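**Student:** Pasting a structure below so you can have a look.
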Amino acid sequence: MNRAIWLSAVSSLLLITCTGKAPGGGSPGAFRPGEIWPDTEGNPINAHGGGVLYQDGVYYWYGEIKSGETRLPVKNKTWTGTRVQAGGVSCYSSTDLVRWNNEGVALPPVADDPGHDLYPGNVIERPKVVYNESTRQYVMWMHIDSEDYSAARAGVAVSDNPVGLFVYRGSIRPDGSMSRDMTLFKDDDGRAYLVYASENNATLHISLLSPDYLSPGGTFIRVFEKRSREAPAVFKYGGRYFIVSSGCTGWDPNEAEYAVADSMLGTWTVRGNPCQGPDRDKTYFSQSTFVLAVADIPGAFIFMADRWDKQNLPDSRYVWLPLRIQGDTLSIAWRDSWDLTAFKE
């Protein structure tokens with residue numbers, strides 16, 4: 001991009017603060033959790049509740065597009081469930097995790113059909129994408145819901161290109177169960193799992209997907225029964241599986257919790273709150289969405305979270321922090337500023 005256009009889009013101070021890249025050159029800089037994070041065109045990244053796919057040397061960040069007026073539907077007043085019109089799913093790409101190119105709308109809303117799952121008056125949340133080597137398709141799952149969150153379904157879409165456009169295939173209640181906050185996890189053996197809050201958010205379900213990743217395969221387990229966990233983020237390290245999740249307090253932050261298992265469909269043991277220091281009981285005023293494995297740095301993982309602003313949802317921020325692993329113990333500590341050299345400390 002022309003340097004003059006860049007500078008007109010965002011000030012030098014904002015560039016240094018949010019991307020760590022000095023105008024006119026310089027090396028990529030720090031992550032600054034909770035601050036405005038502009039893309040390479042100077043616009044705030046709009047990818048909330050998201051997840052990241054790493055494919056062929058490129059990271060792809062998918063997330064909810066939130067824009068327009070924040071409102072509180074009458075049916076949501078008991079839990080202050082504010083909403084904006086669903087804007088579809090965005091995609092950004094990066095090779096360094098700091099500078100992100102806006103690839104546009106990967107899955108657009110369907111504005112002319114009130115009966116469609118992707119109608120802007122409905123809910124399109126927490127999109128996650130994995131690649132299926134057998135079908136050579138990128139598969140996206142997401143939380144699909146009605147404005148008052150009573151539908152509780154999971155939707156699926158596919159594309160032959162990581163940036164889309166994705167073709168929507170419809171929604172289901174996986175394994176006949178309610179599905180709200182969810183994530184996807186693809187294991188080393190190629191199996192993929194849908195992990196979702198179910199039973200009115202009282203219990204998490206882990207469902208093995210079919211070989212094409214387009215539907216549940218018929219095998220699932222119930223975990224953390226009646227513990228009311230949502231916003232699951234799953235990863236694997238050292239042959240062990242980890243889930244980080246949050247409590248259920250609407251848009252308000254609460255204490256994170258993690259659990260560990262020997263297999264995705266095995267017995268999960270709750271280990272407690274991974275956050276350390278001040279504000280650990282509020283997860284640094286954020287909520288988990290994904291745990292990202294950093295390519296080419298063994299054992300390096302980034303805890304991705306959203307700092308929701310329920311009064312102005314489009315201004316919700318991103319909190320990315322290094323996640324430490326020692327055996328079965330996870331720890332996440334707040335840092336005002338950090339870069340990937342943190343994993344070498």
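**Student:** Only residues that are surrounded by 18 or more Cβ atoms within 10 Å (Cβ to Cβ) and in contact with an Asp or Glu (Cβ under 7 Å, 6 or more places away or on another chain): list them for region 261-281, please.
**Tutor:** Met264
**Student:** Quick check on Asp212: is it assigned to a loop (DSSP other than H, G, I, E, B), among the acidic types (Asp, Glu) and in contact (Cβ under 8 Å) with a residue 40 or more places away in the chain?
**Tutor:** yes
**Student:** If you scan region 99-116, which residues turn out to be touching a Phe, Trp or Tyr at 6+ places or on another chain (Cβ under 7 Å), closer than 22 Å to Thr40 by Cβ and either aliphatic (A, V, I, L, M) or part of a helix (DSSP H, G or I) (or both)?
**Tutor:** Matches in region 99-116: Ala106, Leu107.
**Student:** Would you confirm, using the coordinates I've provided, whether Ala233 is farther than 25 Å from Phe285 by Cα, buried (at least 21 other Cβ atoms within 10 Å of the Cβ) and modelled with pLDDT of 95 or more? Steps first, please.
**Tutor:** Details: farther than 25 Å from Phe285 by Cα: no; buried (at least 21 other Cβ atoms within 10 Å of the Cβ): yes; modelled with pLDDT of 95 or more: yes.
Spelling it out, it is not the case that Ala233 is farther than 25 Å from Phe285 by Cα, buried (at least 21 other Cβ atoms within 10 Å of the Cβ) and modelled with pLDDT of 95 or more.
**Student:** So, one more: From the set of residues in region 45-98 that are among the charged types (D, E, K, R) and assigned to a loop (DSSP other than H, G, I, E, B), which is farthest from Trp308 (Cα to Cα)?
**Tutor:** First, pick out the residues of region 45-98 that are among the charged types (D, E, K, R): 56, 64, 66, 69, 71, 75, 77, 83, 96.
Still in the running and assigned to a loop (DSSP other than H, G, I, E, B): 56, 69, 96.
Working: Asp56: 32, Glu69: 15, Asp96: 25 Å.
Top of the filtered list is Asp56.
**Student:** Residues of region 38-58 being of a type in the set (D, E, K, R) and buried (at least 19 other Cβ atoms within 10 Å of the Cβ), which ones?
**Tutor:** If we filter region 38-58 for residues that are of a type in the set (D, E, K, R), which is where we start, we get 39, 41, 56.
Listed by number, the list holds a single entry, Asp39.
**Student:** Within region 292-345, restricting attention to residues that are over 14 Å from the mean Cα position of the chain (by Cα) and among the β-branched types (Val, Ile, Thr), which residue is farthest from Ser263 (Cα to Cα)?
**Tutor:** Of everything passing the filter in region 292-345, Thr341 is farthest from Ser263 (Cα to Cα).
**Student:** Output the residue which, of all residues in region 107-151 that are hydrophobic (A, V, I, L, M, F, W, C) and under 19 Å from Gly68 (Cβ atoms), is farthest from the chain's Cα centre (by Cα). Give the steps one after another, and end with the answer.
**Tutor:** From region 107-151, those hydrophobic (A, V, I, L, M, F, W, C) are 107, 110-111, 118, 123-124, 129-130, 139-142, 144, 151; that's our starting set.
Now restrict to residues that are under 19 Å from Gly68 (Cβ atoms): 107, 110-111, 118, 123-124.
Values: Leu107: 15, Val110: 22, Ala111: 24, Leu118: 19, Val123: 15, Ile124: 12 Å.
Top of the filtered list is Ala111.
**Student:** Checking the conditions here, which among Arg271, Arg335, Arg307 is among the basic types (Lys, Arg) and under 25 Å from Ser67 (Cα atoms)? Break it down into steps so the answer makes sense when it comes.
**Tutor:** On the way: Arg271 fails: under 25 Å from Ser67 (Cα atoms); Arg335 fails: under 25 Å from Ser67 (Cα atoms).
Residue meeting the stated conditions: Arg307.
**Student:** Another question, then. Collect the residues in region 142-163 that are assigned to a strand (DSSP E or B) and either surrounded by fewer than 20 Cβ atoms within 10 Å (Cβ to Cβ) or in contact with a helix residue (DSSP H, G or I) (Cβ under 9 Å, 6 or more places away or on another chain) (or both), keeping them in residue-number order. Write out each step before concluding.
**Tutor:** Within region 142-163, the subset assigned to a strand (DSSP E or B) is 142-145, 153-159.
Those that are assigned to a strand (DSSP E or B) and either surrounded by fewer than 20 Cβ atoms within 10 Å (Cβ to Cβ) or in contact with a helix residue (DSSP H, G or I) (Cβ under 9 Å, 6 or more places away or on another chain) (or both): Arg153, Ala154, Val158, Ser159.
**Student:** Scan region 319-332 for residues that are surrounded by fewer than 18 Cβ atoms within 10 Å (Cβ to Cβ) and in a strand (DSSP E or B) and jot them down.
**Tutor:** As a first pass, look at region 319-332 and keep what is surrounded by fewer than 18 Cβ atoms within 10 Å (Cβ to Cβ): 325-329, 331.
Correct list: Ile325, Gln326, Thr329, Ser331.
**Student:** Are any of the residues in region 180-187 farther than 21 Å from Phe290 by Cα and of a type outside the set (Phe, Trp, Tyr)? Spell out how you get there, then give the answer.
**Tutor:** Taking region 180-187 first, the residues farther than 21 Å from Phe290 by Cα are none.
The answer is no; no qualifying residue exists.
**Student:** For region 195-209, enumerate the residues that are part of a strand (DSSP E or B) and either among the charged types (D, E, K, R) or touching a Ser or Thr at 6+ places or on another chain (Cβ under 8 Å) (or both).
**Tutor:** Going through region 195-209, the residues part of a strand (DSSP E or B) turn out to be 195-198, 203-209.
Answer for region 195-209, where residues must be part of a strand (DSSP E or B) and either among the charged types (D, E, K, R) or touching a Ser or Thr at 6+ places or on another chain (Cβ under 8 Å) (or both): Val195, Tyr196, Ala197, Ser198, Leu204, His205, Ser207, Leu208, Leu209.
The values are calculated or read from the model by the stated rules, or taken from the named source; none is laboratory data. Note that the structure is a prediction, hence the values are computed from the model and not measured. Glycine also receives a Cβ, built like all others from the backbone with ideal geometry; neighbour counts cover every protein chain displayed.
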